[in-house]
Amino acid sequence: MPDTLRTDLDQPALTQAMLRHLRSSLGKDPEHATTYDWRMSLALSLRDLVVEPWFASTRRTYDAKGKRVYYLSMEFLIGRLIEDVAINLGVEHIAAAALAELGQDYDRIVADEPDAALGNGGLGRLAACFLDSLSTIGIPAYGYGIRYEHGLFEQHFEDGAQVETAEKWLAQRHAWEFERPEVSISIHFGGYVSQCGEKSVWHSDETVLAQAYDTPIAGWQGKWANTLRLWAAKPVKLFDLESFNRGDYIGASRPEALARTISRVLYPDDTTDTGKELRLKQEYFFTAASIQDLMRRFLAEGFEIDSLPDHVAIQLNDTHPAIAGPELVRILADEHALPMARAIEVARKTLAYTNHTLLPEALERWPEGLFARILPRHHRIIEIIQDAHFAAAGTKVTIIEHGQVKMGELAFVMAHKVNGVSALHSELVKETVFHDLHTAYPDRIINQTNGITPRRWLYSCNPALRALIDDTIGQGWAADLERLSELRSSVEDAAFREAYRAAKRSNKERLAEWLKARDRITVNPDAMFDTQIKRIHEYKRQLMNILETIALWNDIRDDPNGDWTPRVKIFGGKAAPGYVMAKSIIHLINDVAKMLNADPTTRDLLQVVYPENYNVSMAELLIPASDLSEQISTAGKEASGTGNMKLSLNGSPTIGTLDGANVEIRDHVGVENFFLFGLTARDVTKRRSVPGFARAAIEASPRLARVLGQIADGTFSGGDSDRYAALLHNVWDHDYFLVTCDFDSYFNTQREVDGVYRDPEAWTRMAALNTAGMGWFSSDRTIRGYASDIWNVRPLVV
Ligand code: F58
């Protein structure tokens, strides 16, 4: 018996619901229905099931006068929802049976849904996992973000190079959302501020409307449902009839085009300056809409204005919504007449900020001129906040400096708690980016190690392993992941290991079939599937992985009859469109793949696979099928990682550095079940200060020197010795991310991996102990930590 909740819903009822939606929502009869029509009728029928718990949760929150959490995030990387909702409601089997009765295949219908790709990577996916956990635990919460018309770009490879095209998830109707035309909030930009006695009045010169679209998010077993409210930008005046009547058709629709630009695209780029103004407007747009919306809800309950922190907790997912600080102060002071000092205090008690990066270039800063032009009142309020902070903390850490508004400092000063996302990262936040602020406010920085939702990242994406776990320890672990530790006692049981291997094998076959069908790539499921899936970034060191691949290829060619362990190196990920070096790394991986996969001597032993357009749905296929997880960032650079957690949970031991959450994963799964290599964060800092460290490392490693020589002479680029000149120059003369220094240690550790993999029993033990050790990394645990240490909220379901 599965973990079902909706025992009152049987298959005939769902069949009827789908037929009803087919007729009345899609205007089709079964004879003419397409895959799209069936998918929509299933999604709408499932959405109907969520509405009841959704209403009940809202009522319960009002009745209990419960404190609400507002999670403000520029990104929610949701992926598909059909399977997620069906599983959370416990109706997955019923849905499959209902579709079968209607002559439809469940898997095909599920796969037809476009990914909601409203995020770039880890930060956005974390927000999606948090929504799932907030609803599972039963904490009243809203996710607030932007309803981008185009999500993260689609990635194609042309002659091995990344090419981007616009994503179009909204080309079809989005089944899960409820449009709320009645929730339209005016958002102002520009203009000037005048003084009316004590009162400051902002006279803006541009206004757009933020219109709400709500998606209910049901938790495990549908006991609770929260709302994801996304804002779309609309013009105040839809259409300029006067211009139209004059024959100026383009001018007539200009107001709409301008307003819609704000929610048109997700920013893919963390490296260029283009579109700064639009990005700032996006940030203010969704933050201001969210703050006005939550204030309206708070005031409607009749609470005293300065009791706000007792009823509302606002979490800022990185600095993108950091304008929430001055915006809240503006509303409290200018609109509700709180004295400025009190307004700042109330806002601070309400706000908290999560930092996700130590990369200085990723900490947002706005040119002060631009900022003051678009948000003149906020600019002034930030000066006041800065003065108050100087006075209170006796520090000279500025928020505005050298003509720049520093959003990290602003978020820090306006938050009562600042958290890092892994133990190591939180310590480094104290020591580096916020060193001086930490000295001034020593209790403010805390740690909340990231987590992942086990519903999507094991229960749903890995049915084979789910069944084995159910058989071994019983059900209930999906909402109590620490129970996976009960698997430990089975690891010595040969039958369990056999079954564990069989589950992995079936996932590898599933992936092999998918690669064959989609990309006409053949892979051998007996080979080790070695996986690096994440955004392409120099600090994540996909470059080191491909250099190691070339070195291994050389070794195999030198000794083709050696005792090699067959591997398929799998890469997945997108580079920001303006990130030249990352795009060059993608090109190199594809060039190397082409060469190696065509080499008859080695191709059965070493293959490189890089399926284009990596996204959440692809991750759901790759992760259960992986044998080895590559988490090889330069120590001190990966704030946490969450892909590392997903892979380890699904039975891929990690080869990795002591970085981010790798440190804690290693502690939990056991040091003997983790392949550690490389410099530590402290070594990295030291090594960087040694002049010529990269050259010295290359000269000391004949294997690496040979590989770099091959890239330089055009071995992989059809004789074109220029293609990777910039990349190679960087490796030889700069190598900020220390690929050269960690290369040998990485290569040797990979050979250790080969050795263990050749012993299937030893490998299975290791893989299974990874699954058994990962219970702590559930995002339910993370959310409980935020609830008690930051938000001071309690769940409203038992
Ligand atoms: C990621 N950041 C961290 N940023 O890199 C990763 O270590 C961590 O596990 C994760 O956050 C969750 O805490 C991240 O994904 C972005 O995607 C930026 C968004 C804004 C544009 C620039 C990239």
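The values are calculated or read from the model by the stated rules, or taken from the named source; none is laboratory data. Since we're looking at a predicted model, the values are computed, not measured. Note that each Cβ is placed from the backbone with ideal geometry, even for glycine, and that neighbours are counted across all protein chains shown. In case anyone asks, the SASA skips ligands and DNA or RNA and just uses the protein heavy atoms, side chains included. Shrake-Rupley method; radii C 1.70, N 1.55, O 1.52, S 1.80 Å.
Table for the structure above
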| quantity | calculated |
| --- | --- |
| Added length on full extension, which subtracts the Cα-Cα distance from 0.36 nm per residue, residue 736 to residue 10 | 255.4 nm |
| Cα-Cα P(r), segment 644-718, percent of pairs per 10 Å interval | 16, 30, 27, 25, 2 |
| Backbone HN-Hα couplings from phi across segment 505-520 [Karplus 6.51/-1.76/1.60, Hz, Gly and Pro as x] | 4, 5, 5, 5, 5, 4, 5, 4, 5, 5, 5, 5, 5, 7, 10, 6 |
| Per-residue ³J(HN,Hα) for segment 305-319, Karplus 6.51 cos²θ - 1.76 cosθ + 1.60, θ = phi - 60°, Hz, x for Gly and Pro | 4, 7, 8, 3, x, 6, 10, 9, 10, 10, 9, 9, 7, 6, 7 |
| Extension gain, residue 299 back to residue 239 (0.36 nm per residue minus Cα-Cα distance, nm) | 18.2 nm |
| DSSP-defined beta bridges in the chain - what % are antiparallel, rounded to 5 | 45 |
| Cα-projected label distance for residue 789 with residue 498, points at 7 Å along beta-carbon direction, nm | 4.5 |
| Cβ-derived FRET efficiency at R0 51 Å, residue 31 paired with residue 373, nearest 0.05 | 0.30 |
| Under-5 Å amide H pairs with residue 446, H placed in peptide plane, nonlocal only | 418, 419, 420 |
| Phi to ³J(HN,Hα) by Karplus 6.51 cos²θ - 1.76 cosθ + 1.60 over segment 457-465, Hz, x for Gly, Pro | 8, 8, 4, 7, 7, 10, x, 5, 6 |
| Whether segment 577-634 is rounded, prolate or oblate, judged on the alpha carbon gyration tensor where a/c under 1.5 counts as rounded | oblate |
| Diffusion coefficient, µm² s⁻¹, Stokes-Einstein with Kirkwood Rh over alpha-carbon pairs of segment 307-360 at 25 °C and 0.890 mPa s | 209 |
| Where labels lie 7 Å past Cα in the beta-carbon direction, separation of residue 56 and residue 278 in nm | 4.5 |
| 34 Å tail of the calculated P(r), the chain, as % of Cα pairs | 52 |
| Segment 488-556 versus segment 180-239: alpha-carbon centroid distance in Å | 45 |
| For segment 248-407, alpha-carbon Rg over 2.2 N^0.38 Å | 1.13 |
| Debye equation applied to the C-alpha atoms of segment 586-733, log10 I(q)/I(0) at 0.13 Å⁻¹ | -0.82 |
| Overall Cα dimensions of segment 651-798 - principal axes, largest extent first, Å | 65, 41, 31 |
| Overall dimensions of segment 124-263 as given by Cα atoms, namely Rg and Dmax in Å | 20.1, 66 |
| Cα-based equivalent ellipsoid of segment 451-530: semi-axis lengths in Å, sorted from largest, via gyration tensor | 26, 16, 9 |
| Charge context of residue 469, other residues only, Cβ under 10 angstrom, K/R +1, D/E -1 | -1 |
| Cα-based radius of gyration of segment 366-478 once divided by 2.2 N^0.38 Å, which approximates compact folds | 1.63 |
| 222 nm mean residue ellipticity, helices alone, for the chain (DSSP H n ≥ 4; -39,500 (n - 2.57); rounded to 500) | -14000 deg cm²/dmol |
| Rounded percent of accessible protein surface that carbon and sulfur make up, segment 342-456, 1.4 Å probe | 53 |
| Extension gain (nm, one decimal) between residue 489 and residue 722, 0.36 nm per residue minus Cα-Cα | 78.3 nm |
| Long-range HN-HN contacts of residue 312 with modeled amide H, under 5 Å | 68 |
| Residues in segment 545-567 that a label on residue 758 would reach, taking backbone N under 14 Å of a point 7 Å out along Cα→Cβ | 556, 560-567 |
| Charge-dipole axis of the chain as Lys and Arg at +1 and Asp and Glu at -1 on Cβ define it, positive-most pick from 171, 316, 658 | 316 |
| Interatomic Cα distance distribution for segment 524-594, bins of 5 angstrom, percent | 3, 15, 25, 23, 16, 10, 6, 2, 0 |
| Average accessible area per residue (Å²) across segment 497-601 - probe 1.4 Å, nucleic acids and ligands excluded | 35 |
| Cα Rg over Rh - segment 530-668, Kirkwood | 0.96 |
| Projected-area average for segment 207-278 over all orientations - Cα convex hull basis, square nanometres | 7.6 |
| Surface accessible to a 1.4 Å probe, per residue, for the residues of segment 213-343, Å² | 38 |
